[in-house]
Amino acid sequence: MQKIILSKPFEQDWIRMFTHLANLFFEETKISFDAEEDGIYVDVHVEQDSNNRFSGSAQLRQNDKAYWASFEEQVEMNVTEKERARQLKRVYSHVFLDVLEQLTGTTQSWGILTGIRPMKLYHKYRQLGHNCEEVKKILMENHRIAEEKCTLLEQIEKVQIQAIPDLHAIKDEVSIYIGIPFCPTKCAYCTFPAYAIHRKNGRVESFLDGLHEEIREIGKWLTQRDKKITTIYFGGGTPTSIEADEMDALYQTMYNSFPYMDEVREITVEAGRPDTITPAKIDVLKKWGIDRISVNPQSYTDETLKAIGRHHSVQETIDKFWLSRNMGMNNINMDLIIGLPNEGVEEFQHSLTETEKMQPESLTVHTLSFKRASEMTRNKEKYKVADRETVERMMQLGEQWTKENGYVPYYLYRQKNILGNLENVGYAKPGEESLYNIIIMEEVQTIIGIGCGASSKFMDPVTEKITQFQNPKDPAAYILTFEDYIDKKIEHLERIFPEKVTVELDR
Ligand code: SF4
């Protein structure tokens, strides 16, 4: 645990901000204000000077070493109190990060950003009317983001706007997420609602009864309000863990319940675990016109798959990919994870070489993150993972390989405790991007979550304020309470999309 002693007390959310920044450099940090304690001492100040500039400075001392940083920024005028506080925090972050970079010799390519959606910031500046060059300058100077990351964001924005030209004008439509919380077994790094599927106790059937009901009720509301659906995404768990006839019945209910199904721009079904894919299930997907699926190898090394508890072989991934392709699945996504236990550059290169033979329409390259609730985090010492330089090298290999194979980056997100403080990037062949992935990452419209663990995001189309709402994760709790959750979701929908009142004028 690294102690950092600040020269003056700050409120809790500021301490959180300093801790997040310090955690980019140290495994765990504790911020304190007790000058008597041993640790890194940081004197950090920001003041508003007579020229209306925020002027920040930081001095860091550890043993006999001292580092100093300063930064100035024009105070933004005509902004809300909240935005002013945000700017102030940015200046504090800037100088705090600067002295920590000097101390550790580590440069953070994402600068002071600790959130998961850097693209949202990019879109925000573009929406404010800045051109690409201006945004780049702001991100590099004010947020300390490295030039290559700014270029990546710029590239992604172009692809997103090409894929969804009305990206910032779909606030009156909604997307739907349907969560099916079962998998053949639980992977070691997983924190999704995923329960090993056991067919004996009727839990799957009871869950599906509730899910059908939720789809019908939400569909009824959308129909009454004449709402259009932009995209539908089946996730989980692994939605292809259920039987082919159960999938068929579910899609039937979806088509019977949701309005304007012929105008939905995309339907995706995650088939992440190759061991769940069968010819009968692909026939069902084809019957309902669904051709975007995910078949997720994660790695092409059998020992790694065993170590992370996936219980399927590399050969099975390859076989199920070709089965899906040959049966007419035209848009297949594959996921790879950088930094899985015992994997280095050689193993990742091997994964890329194997992927090259299949040429999926899209490839998402994740960097392993140690999520708090996962088996891998609880037993961290059991898993040997690559160091920062190796992870960076693998990331570069991924970038180079995707470029050589005609893929473009189209969405990006970061996670807490991600190896090397890097990012997850979705690449796609031009025109094959997942629209749902763009919509959920950029938070441009309401997403209604249906099913277990499904998270809804209700975005007020006027204020753009987002309210999150979570369905129960555990199927047993879902079965007992889903009706209440339907009511609560409809209340949220009524609030953000109030019924239009037509006033008849007396003539
Ligand atoms: S297949 Fe996906 S959802 Fe299922 S346990 Fe593994 S990581 Fe979790």
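The values are calculated or read from the model by the stated rules, or taken from the named source; none is laboratory data. Since this is a predicted model, take the numbers as computed values, not measurements. Neighbour counts are summed over all protein chains in view; Cβ atoms, including those assigned to glycine, are modelled from backbone coordinates with ideal geometry. Each accessible area value is taken on the protein alone, full model and side chains, heavy atoms only, with ligands, DNA and RNA left out. Shrake-Rupley method; radii C 1.70, N 1.55, O 1.52, S 1.80 Å.
Structure data summary
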quantity	calculated
Partners for Lys30 among lysines (Cα-Cα distance below 16 Å; same-chain residues under 8 apart left out)	Lys3, Lys8
The stretch 44-85: projected area of the alpha-carbon convex hull, averaged over directions, in nm²	3.6
Nearest-ten-degree value, helix 388-404 long axis tilted from longest Cα axis of the chain	50
Candidate lysines for bridging to Lys281, where Cα separation is under 20 Å - those fewer than 8 sequence places away on the same chain excluded	Lys320
Whole-Hz couplings from phi, Karplus 6.51/-1.76/1.60, listed for the stretch 337-342; x for Gly and Pro	10, 8, x, 5, x, 6
Per-residue HN-Hα couplings for the stretch 277-284 [Karplus 6.51, -1.76, 1.60; θ = phi - 60°; Hz; x = Gly/Pro]	7, 9, x, 4, 6, 5, 4, 5
Long-range HN-HN contacts of Tyr195 with modeled amide H, under 5 Å	Phe182, Cys183
DSSP bridge orientation in the chain - percent antiparallel, rounded to nearest 5	45
Spin-label proximity, Ala85 to the stretch 435-468 - amide N less than 20 Å from point 7 Å beyond Cα toward beta carbon	463-468
3J(HN,Hα) from dihedral phi, the stretch 448-462, Karplus parametrisation 6.51/-1.76/1.60, rounded to Hz, x for glycine, proline	9, x, 10, x, 5, x, 6, 9, 9, 10, 9, 9, 5, x, 8
Where Thr223, Thr231 fall by accessible area, highest first, once all protein chains stay in place (1.4 Å)	Thr223, Thr231
Built amide H within the under 5 Å cut-off of Leu363, gap 5+	Met334, Tyr427, Ala428
Relative counts (whole %) of C-alpha pair distances in the stretch 433-507, using bins that are 5 Å wide	3, 14, 21, 18, 16, 12, 7, 4, 3, 2, 1, 0
Normalised contact order of the chain, rounded percent, pairs of Cα under 8 Å and 6 or more residues apart	14
Highest to lowest packing among 160-173, 274-287, scored as the average C-beta count within 10 Å	274-287, 160-173
Which listed pairs, of Lys228/Lys457; Lys465/Lys488; Lys228/Lys357, have C-alpha distances above 28 Å, in listed order	Lys228/Lys357
Amide H contacts of Gly236 (H built 1.01 Å from N, under 5 Å, at least 5 apart or other chain)	Ile180
Long-range tail of P(r) for the chain (Cα pairs > 45 Å, %)	17
Gain in span if fully extended, Asp283 to Ser7, counting 0.36 nm per residue against the direct Cα distance	92.8 nm
Cα gyration tensor shape for the stretch 140-245, rounded if a/c is under 1.5, else prolate or oblate	oblate
Value of relative contact order over the stretch 127-199, rounded to a whole percent, pairs C-alpha under 8 Å and six or more apart	16
Rounded to the nearest 20 debye, dipole of the stretch 393-467 from Cβ charges on Lys, Arg, Asp, Glu	260
Simple Cβ-charge dipole of the stretch 138-268, Lys/Arg +1 and Asp/Glu -1, about Cα centre, in debye nearest 20	400
Mean separation of Cα contacts under 8 Å, 6 or more apart, over the residue count of the stretch 1-141: relative contact order %	20
